[in-house]
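**Student:** The following block contains the structure, expressed as structure tokens.
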Amino acid sequence: MERCRARDLGIKIGFFPTGPHNAITDVAGVRVGHATIIEGSGSLVQGTGPVRTGVTAILPSDRIYDKKLIAGGFVLNGAGEIAGLTQLNEWALLETPIGLTNTHAMGSVSKGIIRWMSKKYHRIWDNKDVVIPVIGECDDSFLNDVVGEHVTEDHVIKALKAAATGPVEEGSVGGGTGMICCDLKAGIGTSSRVIEIGGAGYVIGVLVMNNFGLMEELRIDGFPIGRQLAERQGDYKRRRDNYGSIIAVVATDIPLSGAQIQRLCKRAALGIGRAGSHAAHGSGELVIGFSTANGIRIGARSPVHKLNVLGDEFLGPAYRGVIETTEEAIINSLCMAEPMTGSNDHSVPAIDRAFVAEYFSRARSAGLY
């Protein structure tokens with residue numbers, strides 16, 4: 001069966017409706033772009049390849065530096081890294097694009113974002129300010145020559161220039177090119193939900209770079225399907241010495257404070273757990289989030305900023321929505337990925353989409369779904 005999204009297989013996670021593209025870009029103003037690098041085959045030669053990697057860029061708004069967005073983050077298990085998270089949590093502000101890539105490419109992605117921003121925003125170019133780019137990483141070394149540092153500043157610029165609204169390319173693209181989830185090929189996945197609070201409609205979107213877990217632990221909408229997938233898959237060389245990680249990016253147009261966004265990010269971690277992660281010792285379950293509802297303009301003359309903020313007691317639907325959205329984004333990353341062979345002929349199969357569709361069809365026929 002050709003690659004498709006979870007809903008094309010009869011999987012409908014949660015209760016809230018999706019946005020028009022079922023993607024993080026359903027939050028107005030948010031754009032996503034990728035640069036993908038696939039080169040070479042066979043035995044690993046460090047510095048040469050094979051290469052299975054890339055970078056994904058998320059632009060929260062067209063003028064992210066001039067009008068900073070309220071933001072926050074949450075670390076469930078910290079054997080991973082989001083560069084810039086310390087300042088983001090301290091100020092509760094996001095002022096740069098978000099880059100997603102492999103562990104050893106964080107420096108190149110930082111340089112690329114700074115180069116792009118310094119040309120776009122003259123205050124930086126004139127040496128009047130500095131920025132700390134926000135960059136999340138996962139380890140793709142099972143398939144990729146990660147030590148070779150093949151992601152360059154030009155790849156970052158390419159991803160930023162390619163960033164667009166509308167449907168988001170998913171699976172083995174951009175930063176997700178070499179990623180694996182539950183011993184199956186994964187990568188980038190996204191989803192969205194439309195919720196109502198106090199009679200007003202809001203959007204929550206999540207994008208994941210998905211690289212965690214064991215096949216036997218994979219769950220889809222509560223069903224322990226990973227056990228049967230493992231039996232069907234049989235014996236093959238899996239990534240045994242690396243549980244992997246996941247970076248989740250939460251976007252919303254709900255007017256929230258920094259503390260509320262942190263609370264929203266915590267619930268995204270529940271969505272990661274629903275898909276089968278137990279946040280292993282060596283994994284990183286890292287979440288960052290932002291709201292487009294308020295902005296802090298650079299160089300504002302008034303010392304007082306006025307923000308619209310939702311009351312805490314009304315956040316229940318947002319919590320439910322972000323859990324649903326995160327789980328579906330993870331499953332979409334699996335369903336949209338194709339099998340891949342990379343470094344040292346390591347091969348990672350795609351999820352058996354035909355079996356997944358049949359599994360949920362049988363569950364519906366039995367009244368279980």
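The values are calculated or read from the model by the stated rules, or taken from the named source; none is laboratory data. The shown structure was predicted, so the numbers you read here are calculated from the model rather than taken from an experiment. Cβ placement follows ideal geometry from the backbone for every residue including glycine, while neighbour counts extend to all protein chains displayed. Surface accessibility is based on the protein's heavy atoms, side chains included, excluding ligands, DNA and RNA. Shrake-Rupley method; radii C 1.70, N 1.55, O 1.52, S 1.80 Å.
**Student:** Which members of the stretch 122-135 meet the condition of being assigned to a loop (DSSP other than H, G, I, E, B) and either open to solvent by 70 Å² or more (accessible area, probe 1.4 Å) or at pLDDT 95 or above (or both)?
**Tutor:** Listed by number, the residues that qualify are 126, 127, 128, 130, 131, 132, 133.
**Student:** Follow-up question, since we're still on this one. Does residue 68 fit the bill of being over 17 Å from residue 247 (Cα atoms), part of a strand (DSSP E or B) and in contact (Cβ under 8 Å) with a residue 24 or more places away in the chain?
**Tutor:** yes
**Student:** Residues that are touching a Gly at 6+ places or on another chain (Cβ under 8 Å), closer than 30 Å to residue 349 by Cα and buried (at least 24 other Cβ atoms within 10 Å of the Cβ): does the stretch 110-118 have at least one?
**Tutor:** no
**Student:** Name every residue in the stretch 44-63 that is over 19 Å from the mean Cα position of the chain (by Cα) and either hydroxyl-bearing (Ser, Thr, Tyr) or in a loop (DSSP other than H, G, I, E, B) (or both), in order of residue number.
**Tutor:** Of everything in the stretch 44-63, those that are over 19 Å from the mean Cα position of the chain (by Cα) and either hydroxyl-bearing (Ser, Thr, Tyr) or in a loop (DSSP other than H, G, I, E, B) (or both) turn out to be 44, 46, 47, 48, 50, 62, 63.
**Student:** While we're here: Looking at 288, 330, which is the one that is under 28 Å from residue 133 (Cα atoms), touching a strand residue (DSSP E or B) at 6+ places or on another chain (Cβ under 7 Å) and either assigned to a helix (DSSP H, G or I) or open to solvent by 40 Å² or more (accessible area, probe 1.4 Å) (or both)?
**Tutor:** 330
**Student:** Oh, and also: Return yes or no: is residue 230 small (Gly, Ala, Ser), over 30 Å from residue 89 (Cα atoms) and open to solvent by 10 Å² or more (accessible area, probe 1.4 Å)?
**Tutor:** Spelling it out, residue 230 is indeed small (Gly, Ala, Ser), over 30 Å from residue 89 (Cα atoms) and open to solvent by 10 Å² or more (accessible area, probe 1.4 Å).
**Student:** Could you please tell me which pairs satisfy a Cβ distance under 6 Å, a separation of 6+ or placement on different chains, a first residue in the stretch 17-30 that is modelled with pLDDT of 95 or more, and a second residue that is of a type in the set (S, T, N, Q) and open to solvent by less than 10 Å² (accessible area, probe 1.4 Å)?
**Tutor:** Listed pairs, sorted by first residue: 18/192; 19/192; 22/191; 22/192; 23/190; 23/192; 24/190; 26/192.
**Student:** Continuing with the same structure: Of all residues in the stretch 11-43, how many are more than 18 Å from the chain's Cα centre (by Cα) and open to solvent by 30 Å² or more (accessible area, probe 1.4 Å)?
**Tutor:** Residues meeting the conditions: 10.
**Student:** Does residue 100 count as within 15 Å of the chain's Cα centre (by Cα), closer than 26 Å to residue 165 by Cβ and buried (at least 19 other Cβ atoms within 10 Å of the Cβ)?
**Tutor:** So residue 100 fits the description; yes.
**Student:** Quick one: would you say residue 46 is open to solvent by 10 Å² or more (accessible area, probe 1.4 Å), touching a residue at least 24 places away in the same chain (Cβ under 8 Å) and over 23 Å from residue 177 (Cα atoms)?
**Tutor:** Considered against the rule, which asks whether it is open to solvent by 10 Å² or more (accessible area, probe 1.4 Å), touching a residue at least 24 places away in the same chain (Cβ under 8 Å) and over 23 Å from residue 177 (Cα atoms), residue 46 comes out as no.
**Student:** Can we say residue 189 is open to solvent by 10 Å² or more (accessible area, probe 1.4 Å) and either at pLDDT 95 or above or not in a loop (DSSP other than H, G, I, E, B) (or both)?
**Tutor:** So residue 189 fails the test.
**Student:** Being aliphatic (A, V, I, L, M) and assigned to a loop (DSSP other than H, G, I, E, B): is that true of residue 37 here?
**Tutor:** no
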